[in-house]
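Only one structure is covered here, and it is reproduced in the block below.
Derivation of every value follows stated rules applied to the coordinates shown; laboratory data play no part. The structure presented is a predicted model; accordingly, all values stated were derived computationally and were not measured. So basically every Cβ, Gly included, is an ideal-geometry build from the backbone, and we count neighbours across all protein chains shown.
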Amino acid sequence: MEFYRDTWAEINLDSIKWNVKKTISELKPFVDLFAVVKANAYGHGDIQVAQAALEAGAKGLAVAFLDEALKLRNSGIKAPILVLGASRPEDANIAAEHRISVTVHEVDWLERVQLKIGQQLSVHIKCDTGMGRIGIKTKKELLHITNLILQTKAFLFEGIFTHFATADELKTNYFEQQIEKFQELLDALPEKPPYIHCSNSAATLRFKGVGGNMVRLGISMYGLTPSTDIAPMLPFQLKPAFSLHTKLVHVKQLNPGEKVSYGAEYEASEKEWIGTLPIGYADGWIRKLSGQDVLINGERVPIVGRICMDQCMVRLPKRYEPGTPVTLIGRQETEEITMDEIAKKRETINYEIPCIITSRVPRVYIEGGKVTSLSNPLL
Ligand code: PMH
């Protein structure tokens with residue numbers, strides 16, 4: 001597979017493996033790590049990340065939707081896969097056929113499930129202990145669901161879980177309340193399933209995977225901190241896997257008073273070298289990033305003027321040859337532009353940044369220190 005543009009994201013699978021292995025070394029030996037690879041592995045590439053995580057010791061995978069799970073199965077992945085979000089009860093037979101575990105999030109879901117004769121469906125019960133998203137809240141609901149599962153041969157009670165709303169915040173009282181509520185629900189169970197899980201990355205790394213025998217690791221597997229607040233508390237230095245690169249495609253000198261981009265908002269105040277980059281908002285490099293620095297020759301240079309759909313412009317300290325490499329996220333020599341820097345500029349969280357670098361940007365995979373594969377959905 002090839003690509004024919006000078007913009008690409010580099011995904012370092014060695015970093016992903018390292019983050020997974022280091023995390024496992026922090027956990028108690030009976031705790032299994034499930035790699036959260038929903039949303040195309042937070043924009044990194046689901047199949048490649050899933051394989052890397054499994055090689056590094058992850059016992060299973062978690063996604064948001066059944067379609068994502070089927071994509072992984074169809075690629076030949078045999079490991080356990082859990083769908084964390086709500087699936088349609090009428091699609092349960094498809095999950096069962098592909099040995100995909102699903103989440104039961106409300107009482108009448110199980111009653112509406114349609115399975116074929118002889119099929120078995122593995123289910124995890126989702127408890128809402130304070131996230132207010134999906135899941136059952138009361139002991140009554142839990143007992144009703146558990147009894148239905150235990151009475152029906154077609155259902156395999158594989159797990160029970162909850163999700164924290166504030167595990168990445170400095171204050172821990174809400175987090176502790178959620179643990180308490182989850183424990184109360186667990187205490188009411190007539191029978192414990194093989195998997196009990198609640199920890200995301202923040203809870204896994206800060207509290208060594210509280211409560212249960214499985215953790216669901218997302219953001220920190222990608223080498224990013226769950227929040228800047230808890231970055232100093234992480235037990236080891238994470239290795240970011242995602243970097244974003246392009247090359248200068250055009251370099252010109254503007255005279256004082258000449259303008260750049262839509263709206264003609266940016267005006268050269270002196271003779272200025274302006275370089276054009278072949279990346280724009282249709283790649284997820286959105287207009288809010290106007291003014292953001294990029295790296296060229298190990299130095300920071302600013303994006304000037306409005307970001308266009310496919311291109312944006314930078315102010316250069318001198319003339320550079322077209323074809324000169326430019327890093328938008330990642331390291332050049334001693335300078336680094338982190339995902340957190342981009343998130344701050346965009347007034348959002350680091351999670352969002354790789355997720356919205358669109359599929360038009362090819363992903364180049366590094367493993368064993370060298371390029372091993374490319375993914376370009378366009379070709
Ligand atoms: N488990 C569930 C149910 C999740 O929704 C997520 C992430 C994770 C585990 C992994 O969390 P981590 O990436 O912090 O490790 N879900 C989301 C979300 O819905 N929005 O941002 C992250």
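Membrane-span-like helices of the chain, defined as complete DSSP H segments with a Cα extent of 15 Å or more along the helix axis and a mean Kyte hydropathy of at least -1.0, are identified as 13-26, 139-151, 173-188. Around Lys370, under 12 Å between beta carbons, what's the net of Lys plus Arg minus Asp minus Glu among the other residues? Within the 12 Å Cβ shell, the charges total -3. Of all DSSP-defined beta bridges confined to the chain, some 55% are antiparallel rather than parallel.
Distance between the modelled labels on Asp14 and Ala165, one decimal in nanometres: 4.3 nm (7 Å Cα→Cβ projection).
Annotation for Ile94 and Leu156: the two label points, set 7 Å from Cα along the Cα-Cβ direction, are 2.1 nm apart.
Restricting attention to region 1-96, which trypsin sites (Lys or Arg not before Pro) occupy a DSSP loop and are surrounded by at most 13 other Cβ atoms within 10 Å?
Numbers: sites: Arg5, Lys17, Lys21, Lys22, Lys38, Lys59, Lys71, Arg73, Lys78; in loops: Arg5, Lys59, Lys78.
Sites meeting the loop and neighbour criteria: Lys78.
Helix content alone sets the calculated 222 nm mean residue ellipticity of the chain: runs of n ≥ 4 DSSP H residues at -39500 (n - 2.57) each, divided across all residues, give -7000 deg cm²/dmol.
The eigenvalues of the Cα gyration tensor, multiplied by 5 and square-rooted, give region 30-178 an equivalent ellipsoid with semi-axes of 24, 23, 12 Å from largest to smallest.
Write out the trypsin sites (Lys or Arg not before Pro) in region 239-274 meeting two conditions: DSSP loop, and at most 11 other Cβ atoms within 10 Å of their Cβ. Of the trypsin sites (Lys or Arg not before Pro), the ones in loops of region 239-274 whose Cβ has at most 11 other Cβ atoms within 10 Å are Lys271.
The amide H of Ser199, built 1.01 Å from its N in the peptide plane, has Arg216 as neighbours under 5 Å, considering only residues 5 or more places off or on other chains. Under 5 Å from the amide H of Leu156 lie the amide H atoms of Leu121, Ser122, Val123, each residue being 5 or more positions distant or on a separate chain, with H modelled from the backbone and absent for Pro and chain starts.
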